[in-house]
1. Taking 41 Å as R0, compute the FRET efficiency from the Cβ-Cβ separation of VAL111 and GLU44 and round it to 0.05.
2. Going highest first, how would you order 82-90, 107-115 by mean Cβ packing within 10 Å?
3. Mean separation of Cα pairs under 8 Å and 6+ residues apart, divided by the residue count of the range 40-171: what relative contact order is that in percent?
4. Please turn the phi angles of the range 84-97 into ³J(HN,Hα) values with the Karplus equation 6.51 cos²θ - 1.76 cosθ + 1.60 (θ = phi - 60°), one per residue in order, whole Hz, x for glycine and proline.
5. Limiting things to C-alpha atoms, what are the Rg and the maximum Cα-Cα separation (Dmax) for the range 193-249, in angstroms?
6. Using Cβ contacts closer than 10 Å as the measure, can you line up ARG328, ARG356 from fewest to most?
7. List the relative contact order of the range 262-389 as a percent without decimals, with contacts defined as Cα pairs under 8 Å and 6+ residues apart.
8. Please list, short to long, the whole-number percent of alpha-carbon pairs of the chain in consecutive 20 angstrom bins beginning at zero.
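None of the figures in this text is laboratory data; all of them are computed from the coordinates on show. Since the structure is predicted, the reported quantities are computational estimates derived from the model, not experimental observations. Here the Cβ is made from the backbone with ideal geometry for all residues, glycine too, and neighbour counts use every protein chain on show.
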Amino acid sequence: MKLFEIEEKGKWGFINNKGEVVIEPKFDSTIGFNGELAFVLLGEKKGFIDKTGKIVIELPNEVDFAQFVDGMALINIRDKFGFINKKGHIVIKPIFDDANDFSEGLAAVNVGCQIKQGHCLPIKTGGRWGFVNKFGELVIKPTFQEVSFFSEGLAGIKEDDKWGFINKEGKIVIKPEFDSVSAFHSKRASVIVKGKYGFINKLGKYVVDPKFTYALSCFDGLAAVYVGGCKMINGSLEGGNWGFVDVNGNMVIQPRFDGIQGVSLNEDPFHENAAAINIGAKYMQDGGDVHGGKWGFIDKKGKIIVEPQFKSAFYFSDGLAAVNIGGRSQYGLTIGGKWGYIDKKGNFVIKPKFYRALNFVDGLAEVNIDKKKFGYIDKNENWVWKPTN
């Protein structure tokens, strides 16, 4: 059962998709449920509640925040990192100088890194990376410059300033010879060589030679690639177009789009077999922010199913997509205008009238009527929870 956060008089609680209050608003802050647990603040206490509102894990005062990933939550106590399980037990003591979340049963940990002051914020440099299992056993010794997370049984590792891949035994299975790599998806990983993106298989063999200006990971057999143009020093993409290749490198959707959704987090642009695309954008900023142009949608054959006409668009969820009309781009954000919801034929199911609108999840969507007040509507535009702040 999905629970939705609500705010009343500065306190947070939760409702179900019928609008019934399941957990009374009493918490000072929350980021919502992730699975069966939600991180909350209550006075001096911080920890996790279950779906009855009971605090089932109370975190030590030294821990500012935690979130469960792959059944474990990373904690930081006096600049040392460890992990707790869903019973709240510290199962991996905070002894590491840095660490990343668990993925496929293993977590990357660092020994020996140091904190140095960067231009704006402190940064961590140096040390060596390895991996621990959920028992805290150092199953892959910390010998690598940098590492990524495990995906499809392999993790990226950096040695002598080049990237390759190891398996879960710590054996190098793809020699470090790339300038950068992404995680494996659909048995393919994007790699960078001399500023160009290509794709390799799990044997480390090229299925697509490095020739693209930019590329996302391969999801469900398709990868978005940026063809032509250039990547500027500030990371923005200009002068090229987005298309899609299959796992063998065949261009199945010709590059003709000026922007796509999913770039900022290297996510699958397709949701419910539709991808948001942009025509007419001047450039795409580092992080995926698109300046100008109009948004529409294509299917997996590249056919435009909703003509580009919107100032901004989110992906489809529960059969509907939030879109903006009348707004303007500023620093990669959509300012002004109104948000509403369309179906896959481009028809407005809910007319644009909201200050902000998020995707539908389990039949409800969070919408704002102004900068502060938000509530939840169903697909018939009925208020399931009227706006509060």
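1. Once the sixth-power term is evaluated, E becomes 0.80.
2. Numbers: 82-90: 16.4, 107-115: 18.4.
Per-residue Cβ counts within 10 Å, averaged per peptide and sorted highest first, yield 107-115, 82-90.
3. 13
4. Once rounded to whole Hz, the list reads 10, 9, 6, 9, x, 7, 6, 9, 10, 4, x, 10, 9, 7.
5. According to the Cα coordinates of the range 193-249, Rg and Dmax are 11.5, 34 Å.
6. Numbers: ARG328 13, ARG356 16.
Result, fewest neighbours first: ARG328, ARG356.
7. Taking the mean separation of contacting Cα pairs over the length of the range 262-389, I get 14 percent.
8. Percent of pairs per bin, in order: 24, 53, 23.
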